[in-house]
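Worksheet: one structure, shown below.
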Amino acid sequence: MPAIRVPKEKAEPVKRKLKKLNLYDGKRRPEREENHVLLPVLDDPIVKELGYEVLEVELPLRPERQIYKNLESVLAERLSEEELSYLRRYDVVGDIAIIQIPPELEHRIKDIIWGLRKVHPFLKVIAKKGFHEGAFRIRNYSIIWGEKRLTTVHKENGVRIKVDLSKAFFNPRMKGERYRLAQLVNDGEMVLIPFAGVLPYALVIARYKRVKITAVELNGDAYRLGLENIELNRKNLKGEIEFLHGDAFKVLPELPVFDRVISPTPRGVDALALALSRAEKWLHYYDFVHEDEIESFRRRILEECRRQGKDCEVKVKKVSDFKPHVFKVCADVKILK
Ligand SMILES: C[S@@+](CC[C@H](N)C(=O)[O-])C[C@H]1O[C@@H](n2cnc3c(N)ncnc32)[C@H](O)[C@@H]1O
């Protein structure tokens with residue numbers, strides 16, 4: 001992704017200028033070199049006309065951890081150091097907070113509710129997080145405070161996403177990843193997204209790029225929410241989204257090939273051969289992999305490329321931690337021919 005390289009002493013004024021021009025990419029962090037600074041910029045042709053040195057580099061995404069720190073410092077008033085150490089990361093989806101409460105903190109639920117409401121006064125629901133279940137990857141939740149609902153509208157990357165956490169999968173932690181992909185996609189591409197859920201990837205990409213997206217989802221509730229989400233964002237979308245209701249394993253073989261396929265694969269499902277078979281230039285394939293098996297995962301993908309007569313380059317990127325030593329990863333597969 002692009003960055004501008006400027007001498008250290010010019011970094012601040014150039015950053016201000018880029019912000020004024022809406023070209024500064026605040027989602028990524030600048031990086032210091034000895035006498036220079038790399039400033040993250042948006043993938044926009046105007047950047048090249050500004051007269052600075054433009055590079056393609058991977059700058060780190062900004063961590064979204066600050067809000068967790070805030071809860072910790074608010075709760076420090078009421079909880080002991082030991083109790084604070086059991087506090088888990090939590091998510092805010094629209095006006096719903098979702099928190100995992102370990103047995104060691106069950107007796108502190110009231111304080112945790114108090115702390116969450118103090119940090120996020122706009123909250124209307126606080127729910128305790130259970131596990132993902134079944135092929136549709138829906139979690140169990142129990143509401144511990146507020147209105148008795150799990151529907152809300154979540155704002156992310158310039159789009160509004162209606163979700164119903166009791167009926168369809170949604171993970172707000174993939175915000176940075178969706179943004180990364182939206183930056184990689186080029187105007188004019190045909191993009192296929194199987195396992196599309198309520199359409200978070202499709203909406204974010206279509207928000208920024210003039211593309212034609214075909215998305216496929218089997219869960220009827222997620223499909224209906226996805227259709228609502230297209231309407232909710234219609235005025236702000238540059239790209240078009242066609243949403244198909246059905247089983248990706250039956251629908252994809254009937255579709256043509258696409259420039260890019262993005263497969264947010266449900267855990268435990270092997271859709272590699274299927275997704276690769278529809279990709280002409282790029283495949284982004286998500287899976288859950290033990291850190292010791294990342295290289296064998298990469299080789300498995302290269303093997304599938306060979307089997308399908310495709311010459312590929314594969315880079316595997318850790319996207320988030322899933323459980324100790326196991327990561328959600330994305331294989332970025334470039335198909336050379
Ligand atoms: C890990 S979730 C990802 C959803 C969405 N892309 C997101 O990031 O929020 C996987 C999705 O695949 C859907 N799904 C599971 N099996 C499917 C199948 N055979 N065909 C199409 N969709 C399927 C589930 O209902 C779920 O919405």
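Within the range 208-219, the set of residues being surrounded by fewer than 18 Cβ atoms within 10 Å (Cβ to Cβ) and in contact with a strand residue (DSSP E or B) (Cβ under 7 Å, 6 or more places away or on another chain) comprises just one member, Lys212.
Being over 22 Å from Asn186 (Cβ atoms), free of Cβ contacts under 8 Å to residues at least 12 places away in the same chain and of a type outside the set (Asp, Glu) narrows it down to one of Lys19, Lys48, Lys8, so name that one. Talk me through it step by step, then tell me what you get.
Working: Lys48 fails: over 22 Å from Asn186 (Cβ atoms); Lys8 fails: free of Cβ contacts under 8 Å to residues at least 12 places away in the same chain.
The match here is Lys19.
Out of the residues in the range 65-98 that are touching a Pro at 6+ places or on another chain (Cβ under 7 Å) and in a loop (DSSP other than H, G, I, E, B), state the one that is nearest to Lys129 (Cα to Cα). Taking the candidates together, the pick is Arg88.
Remark: pairs (first residue in the range 104-119, over 18 Å from Ile143 (Cβ atoms); second residue assigned to a helix (DSSP H, G or I); Cβ separation under 6 Å; 6+ apart in sequence or on different chains) = Lys118/Val74; Val119/Asn70; Val119/Leu71; Val119/Val74.
When the helices (runs of 4 or more DSSP H) confined to the range 178-282 are screened for residues that are within 15 Å of the ligand (Cβ to nearest atom) and over 29 Å from Gly309 (Cβ atoms), those reaching at least 3 such residues are found at 200-208, 220-233. From the list Lys318, Lys281, Lys250, the one residue that fits, being open to solvent by 80 Å² or more (accessible area, probe 1.4 Å) and modelled with pLDDT under 95, is Lys318.
All conditions in (1) assigned to a loop (DSSP other than H, G, I, E, B); (2) at pLDDT 95 or above hold for Ile161, with the sole exception of (1).
Give the residues of the range 99-129 that are in a strand (DSSP E or B), touching a Phe, Trp or Tyr at 6+ places or on another chain (Cβ under 6 Å) and closer than 22 Å to Lys323 by Cα, sorted by residue number. Give the derivation first.
First pass over the range 99-129, keeping only residues in a strand (DSSP E or B): 99, 125-129.
In the following step, the residues that additionally are touching a Phe, Trp or Tyr at 6+ places or on another chain (Cβ under 6 Å) were identified as 99, 126-127.
Listed by number, the residues that qualify are Ile99, Ala127.
Here are Leu55, Leu75, Leu105, Leu116: which of them is under 30 Å from Glu9 (Cβ atoms) and modelled with pLDDT of 90 or more? Walk me through it before giving the result.
On the way: Leu75 fails: under 30 Å from Glu9 (Cβ atoms); Leu105 fails: under 30 Å from Glu9 (Cβ atoms); Leu116 fails: under 30 Å from Glu9 (Cβ atoms).
Going through Leu55, Leu75, Leu105, Leu116 in turn, just one is under 30 Å from Glu9 (Cβ atoms) and modelled with pLDDT of 90 or more: Leu55.
The values are calculated or read from the model by the stated rules, or taken from the named source; none is laboratory data. Here the structure is a predicted model, which means the values were calculated and not measured. Here Cβ is always computed from backbone atoms with ideal geometry, including for glycine, and neighbour counts include all displayed protein chains. To get the accessible areas, we keep the full protein, side chains included, count just its heavy atoms, and leave off ligands, DNA and RNA. Shrake-Rupley method; radii C 1.70, N 1.55, O 1.52, S 1.80 Å.
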